[in-house]
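The values are calculated or read from the model by the stated rules, or taken from the named source; none is laboratory data. Source: prediction; values computed, not measured. Cβ atoms come from the backbone with ideal geometry, glycine included; neighbour counts cover every protein chain shown. Ligands, DNA and RNA are excluded from the accessible area calculation, which covers all protein heavy atoms including side chains. Shrake-Rupley method; radii C 1.70, N 1.55, O 1.52, S 1.80 Å.
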Amino acid sequence: IGRTNRGRLVNGVQLLSGPFWQVIDERRAWGTAETIASIVGAIGRVREEYPESPSLYVGNLSARDGGYLRPHRSHQSGRDADIGLYYKAGPAWYVRANAKNLDLARTWALLKAFATDPNVEMIFLDRSVQNLLRHHAEEIGEDRGMLRALFVGGPHGAPPVVWHAWGHLTHLHVRFRSALAVAAGANDARAC
């Protein structure tokens, strides 16, 4: 209920470690049903394209009931998730990505899976990592219009899906849509 930086979570679903992902702290891995389904779906899409992919680390989502989750400003309503990146050397959490260590193919497949999911509102990622992934996508012949929409913005002033965020060299921060949650938060505030 409410905004990502001022909200709470009602009827949350816990993301537990699975066959293709490892949750860093399951006590901080609660989200909306749509959030959990999108995370599992995106990782599944990478596995379909790259069946031998290593396990992916998943960091913080929200606390069981939402609210402030230290040290994050957001992650309060089950609609934010910190998702690891794929590295050439195998699974790793909170490793600064660069041209030498990032598995561009798998990480691009993951970013594309999230960016084309209608439940995803925006993705935060450091610009240096964005540039590596965009260059890789151009090299493999991805549609330039799609890339522009993802990284620069779409037609008629539509905002980009992928935004630069300092401190996001090590993971994707994916924010999911929930018009219902925002509306419920507005109604909840009026009732107080």
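Taking the criterion of being farther than 19 Å from Ile39 by Cβ, charged (D, E, K, R) and open to solvent by 90 Å² or more (accessible area, probe 1.4 Å), the residues of segment 136-181 that qualify are Glu139, Asp143, Arg144, Arg148. If you go through segment 157-171 and pick out every residue that is at pLDDT below 90 and not in a loop (DSSP other than H, G, I, E, B), you end up with 1.
For Arg148, the criteria (1) under 14 Å from Gly84 (Cβ atoms); (2) in a helix (DSSP H, G or I) hold in every case but one, which is (1). Checked against the criteria, Ala97 counts as outside any helix (DSSP H, G or I), at pLDDT 90 or above and open to solvent by less than 40 Å² (accessible area, probe 1.4 Å).
Could you grab the pairs with beta carbons closer than 6 Å, sequence gap of 6+ or different chains, first residue in segment 115-142 and touching a residue at least 60 places away in the same chain (Cβ under 8 Å), second one open to solvent by 60 Å² or more (accessible area, probe 1.4 Å)? Filtered contacts from segment 115-142: Asn119/Glu34; Asn119/Arg177.
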